[in-house]
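Q: I am attaching a structure below and will ask some questions about it afterwards.
The values are calculated or read from the model by the stated rules, or taken from the named source; none is laboratory data. Remember, it's a predicted structure, so these values are computed and weren't measured experimentally. Because the Cβ atoms are built from the backbone with ideal geometry, glycine has one as well, and the counts that use them run over all protein chains shown.
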Amino acid sequence: MSIFSHITIGVNDLEKSIWFYDKVLAELGLSRHSTGDGFAGYGPTLHKNKITKPTGENSLWILKPSNGEIASGSNGTNIALSTRSRERIDAFYAVCIDLGATSEGSPGLRKDIHDNFYACYIVDYDGNKIVAVCHEAQ
């Protein structure tokens, strides 16, 4: 069981954000399972062409804020997405940068956190800081 039920990220341009997250989350083995008026949901890809049921559990959601105000991230807040492969971290980072995300830290070991903490940090179009991390020894 995951420590998170779900995570939501506020976005200002849903179409552009879906385009971005469809591509970069695929590098971590995640696929879009739901799309609706003002939102999209993502979760683990279980098998080729078969994705999780859209239960909302263990999901990442992007959405336009329900209060109608501009979406923004907070300094010091980030969302860490986990994978078991350092190669996936490298691929995720490359796709993010190619698609216009801002680097907040290229892929590499952060031994100040722990000996196997391999991660990268990006900021999406709306200022949300996303971390991709592998905790596995490689």
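Q: Taking into account only those residues within the stretch 31-58 that are among the polar types (S, T, N, Q) and in a loop (DSSP other than H, G, I, E, B), which is modelled with the highest pLDDT?
A: Here the answer is N58.
Q: Kindly indicate the residue of the stretch 65-96 that is out of contact with any helix residue (DSSP H, G or I) (no Cβ under 6 Å at 6 or more places or on another chain) and among the β-branched types (V, I, T) and also farthest from A40 (Cα to Cα) among those meeting that condition.
A: This residue is I89.
Q: Of all residues in the stretch 92-129, which are within 11 Å of F20 (Cα to Cα), aliphatic (A, V, I, L, M) and over 13 Å from the mean Cα position of the chain (by Cα)?
A: I97, L99
Q: Same structure again: Tell me, which residue of the stretch 112-124 that is surrounded by 17 or more Cβ atoms within 10 Å (Cβ to Cβ) and not β-branched (V, I, T) is nearest to I70 (Cα to Cα)?
A: Initial filter on the stretch 112-124 (surrounded by 17 or more Cβ atoms within 10 Å (Cβ to Cβ)): 118-122, 124.
Pick out the ones that are also not β-branched (V, I, T) and you get 118-121, 124.
Values: Y118: 32, A119: 29, C120: 26, Y121: 23, D124: 15 Å.
Result: D124.
Q: Can you tell me how many residues within the stretch 13-30 are among the charged types (D, E, K, R), over 21 Å from R86 (Cβ atoms) and in contact (Cβ under 8 Å) with a residue 40 or more places away in the chain?
A: So in the stretch 13-30, the residues among the charged types (D, E, K, R) come out as 13, 15-16, 22-23, 27.
Filter again for over 21 Å from R86 (Cβ atoms), leaving 13, 15-16, 22.
Among the residues that remain, those that are also in contact (Cβ under 8 Å) with a residue 40 or more places away in the chain are: 13, 16.
Qualifying residue count for the region: 2.
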